[in-house]
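In what follows, a single structure is set out as structure tokens and then discussed.
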Amino acid sequence: MIFWLSLLILPYKGAQDPAPGLLRSKRASRRLECARVSPETGSQSYPGQIEMARPRGDYVERSVMICRERLLRPDLRAPQDEAILSDLDAHAVAMASAAEALRPDLGERTWLVETHYPSAQVSAKVAFATKNALVRQGLKVSDRTPVLAVGDVEVITRMDPESAYPVACRRYAETGALGPDQALLAVVSLDPRETILHAGLCDRGTWSWLH
Amino acid sequence: MAGACAQRAAVWDRRWRSSATGGVVRCMTRLSASVGLLVGLVGGGSGCVHVYQPMSGLHDPVVIDPQQPNFQDVRLTVYCAPGDHLNPEETRMLCRRVGTLFENQGAVVLTYTRNRLQVEQAREEEEAALAASESESEAGVDATGVSRGTDEAPTDLVLELRSRQTHAASDPVSWVLCAGSFTLVPGVTESSFATDVVIRDGTGFLLARDTLEGRLVRYFGVGSWATNRIVDLLWREDEDELTGDAVNQDLSADLYSQLSQLLFNAKMQWQVRQEGLRAAGGSGAAESASDAAATGAATP
């Protein structure tokens, strides 16, 4: 009797479990981002769906695992793009916060944002998110991007990153591409193997790394 | 072991049938057979399917290839603190493997199986004692499991690992069903763990921090084991298999990939910070390079 009962119950118990098993492949399980929370916390996110403990207790220890599926299936985007874009808001806020916190004297400047990333589409998204984050910090932001002459670009692109960014910054100031009332926040991916972004600041021809 | 127990139960079954008949006897026979099978499974350690599920952080995208020399000449110190999830022996093994992982990628690694503060305190005490006795320290391994390098070169990066158990549960309903179904229905036990990773530079500046969370589920019973084994053999692809050593391989692959990626990101942060500190010291080189760029811009 118990055997037949268990055969009836088992598929329903197995289907709810996010771990890989007979009804869920490893790939499907890896698409889920899960967190274990208390029933109280869980019921704030999913009201009415989580059975709470009775006010006087019921001798049952409860915890809730909340899983959400990732927006895009794995391997749809390149791993570096996926890592950057899946955490884009946090990256952008970190860079904008660093700019504001480390250089509070530049609060009245107009900020320009430039992105150095292998993919043009991702660059555009990163630049947009960073500008939004700067605006949220209460800073003035321009959509303009400073441009260098072809000769400058030819020389600078042959340099190693250590000297290329300071030189480009100096040239921006010398050619007037970046005015004295403006500051440039450059968002940079220095190595194709990293999944983070760095931020550099160009202010009146002087380059400094912020993040 | 499980097979032997099942054979023994079958022998008992035949003997009882030959000497006696009746419902009670048959019931007793079946009970003893199931108990024998259960004992066999427990004793043999087989009949269990361990499943690993990455919850958060462990299955984040990884770009780095841990087979490449990603940390050439980086001096790395690894601290692995034992906790409620890993005992000292397991911690030592983890630390050794993590050390090997980064040595294979070109780093010069020093490992400690205690937390950083304890090691620093011990070192300060040792230095104070040495200063008092004015004797030179010798390289080697001390009684507390702290290994010391032969050189006194400062470390570039410090990696701290601490693993803790965040949840453990055993489903009593599943165990009742497991016993009632002669282990055809699995008894389920699960535990969740979190590994805190903190990476600093040699001066203690925080470069990266993350928590990697995962879950291990154990299905006990001949039904679960046999079904998964058959499905592994007939249906699942190699990377989707659940039985055998798959759980260890999957967990190790995820953990070591994430640690490599985190350390590489931290190394880049550290290099940028070093560059920033150097630039703050002087910008003469940038000025001369800028002159070269200006000349290039003037050239048609």
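The values are calculated or read from the model by the stated rules, or taken from the named source; none is laboratory data. No experiment lies behind these values; they were computed from the predicted model shown. So basically every Cβ, Gly included, is an ideal-geometry build from the backbone, and we count neighbours across all protein chains shown. Note: areas computed on protein heavy atoms with side chains; ligands, DNA, RNA excluded. Shrake-Rupley method; radii C 1.70, N 1.55, O 1.52, S 1.80 Å.
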Taking A:Arg193 as the residue in question, decide whether it is facing another protein chain (nearest Cβ under 8 Å) and within 30 Å of B:Gln258 (Cα to Cα). yes
Could you tell me whether B:Leu234 is modelled with pLDDT of 90 or more, surrounded by fewer than 21 Cβ atoms within 10 Å (Cβ to Cβ), out of contact with any Cys (no Cβ under 6 Å at 6 or more places or on another chain) and not polar (S, T, N, Q)? yes
Residues satisfying the stated conditions in region A:61-111, i.e. among the acidic types (Asp, Glu) and more than 22 Å from A:Ala186 (Cβ to Cβ): A:Glu61, A:Glu69, A:Asp75, A:Glu82
Scanning region B:216-232 for residues that are touching a residue at least 60 places away in the same chain (Cβ under 8 Å) and more than 10 Å from chain A (Cβ to nearest Cβ), the one farthest from the chain's Cα centre (by Cα) turns out to be B:Val222
Check every one of the strands (runs of 3 or more DSSP E) wholly within region A:92-211 and list those with 2 or more residues that are among the β-branched types (Val, Ile, Thr), in contact (Cβ under 8 Å) with a residue 40 or more places away in the chain and touching a Leu at 6+ places or on another chain (Cβ under 9 Å). A:110-116, A:182-188
Options B:Val272, B:Val198, B:Val222; residue that is out of contact with any strand residue (DSSP E or B) (no Cβ under 8 Å at 6 or more places or on another chain) and either closer than 30 Å to A:Tyr165 by Cβ or of a type outside the set (Ser, Thr, Tyr) (or both): B:Val222
Single residue of A:Ser123, A:Ser119, A:Ser97 found to be under 30 Å from A:Leu201 (Cβ atoms), more than 11 Å from chain B (Cβ to nearest Cβ) and either touching a Phe, Trp or Tyr at 6+ places or on another chain (Cβ under 9 Å) or among the acidic types (Asp, Glu) (or both): A:Ser123
Apart from one, (1) open to solvent by 70 Å² or more (accessible area, probe 1.4 Å); (2) at the interface with another protein chain (Cβ under 10 Å from one of its Cβ atoms) all hold for A:Arg136; the odd one out is (2)
In region B:28-87, anything among the polar types (S, T, N, Q), surrounded by 15 or more Cβ atoms within 10 Å (Cβ to Cβ) and modelled with pLDDT of 90 or more is listed as B:Gln53, B:Ser56, B:Asn70, B:Thr77
Residue hits (region A:18-44; polar (S, T, N, Q) and more than 23 Å from the chain's Cα centre (by Cα)) are A:Ser25, A:Ser38, A:Thr41, A:Ser43, A:Gln44
I need the full set of residues from region A:73-99 which are among the small types (Gly, Ala, Ser) and on the phi > 0 side of the Ramachandran plot, in order please. none
Can you say whether A:Leu139 is within 26 Å of A:Thr195 (Cβ to Cβ) and not polar (S, T, N, Q), as far as the supplied structure shows? no
What are the residues in region A:57-75 that are assigned to a loop (DSSP other than H, G, I, E, B) and under 18 Å from the mean Cα position of the chain (by Cα), if any? A:Arg70, A:Leu71, A:Leu72, A:Arg73, A:Pro74, A:Asp75
Given the structure, is B:Ser181 open to solvent by less than 40 Å² (accessible area, probe 1.4 Å), modelled with pLDDT under 90 and either within 28 Å of A:Gly200 (Cβ to Cβ) or facing another protein chain (nearest Cβ under 8 Å) (or both)? yes
Taking the residues in region B:155-178 that are open to solvent by less than 20 Å² (accessible area, probe 1.4 Å) and among the polar types (S, T, N, Q) as candidates, determine which candidate is farthest from B:Ala266 (Cα to Cα). B:Ser174
Pick out the one residue from B:Trp270, B:Trp235 that is among the aromatic types (Phe, Trp, Tyr) and without any contact (Cβ under 8 Å) to a residue 40 or more places away in the chain. B:Trp235
For region B:86-121, give me the residue count where each residue is without any contact (Cβ under 8 Å) to a residue 12 or more places away in the chain and in a loop (DSSP other than H, G, I, E, B). 1
Looking for something of a type in the set (Lys, Arg) and out of contact with any Ser or Thr (no Cβ under 8 Å at 6 or more places or on another chain) - is there at least one such residue anywhere in region A:30-47? yes
If a residue has to be open to solvent by less than 70 Å² (accessible area, probe 1.4 Å) and in contact with a strand residue (DSSP E or B) (Cβ under 9 Å, 6 or more places away or on another chain) to count, how many in region A:85-106 make the cut? 9
For region A:149-167, give me each residue that is at the interface with another protein chain (Cβ under 8 Å from one of its Cβ atoms) and surrounded by 18 or more Cβ atoms within 10 Å (Cβ to Cβ). A:Asp152, A:Val155, A:Ile156, A:Ser163, A:Pro166, A:Val167
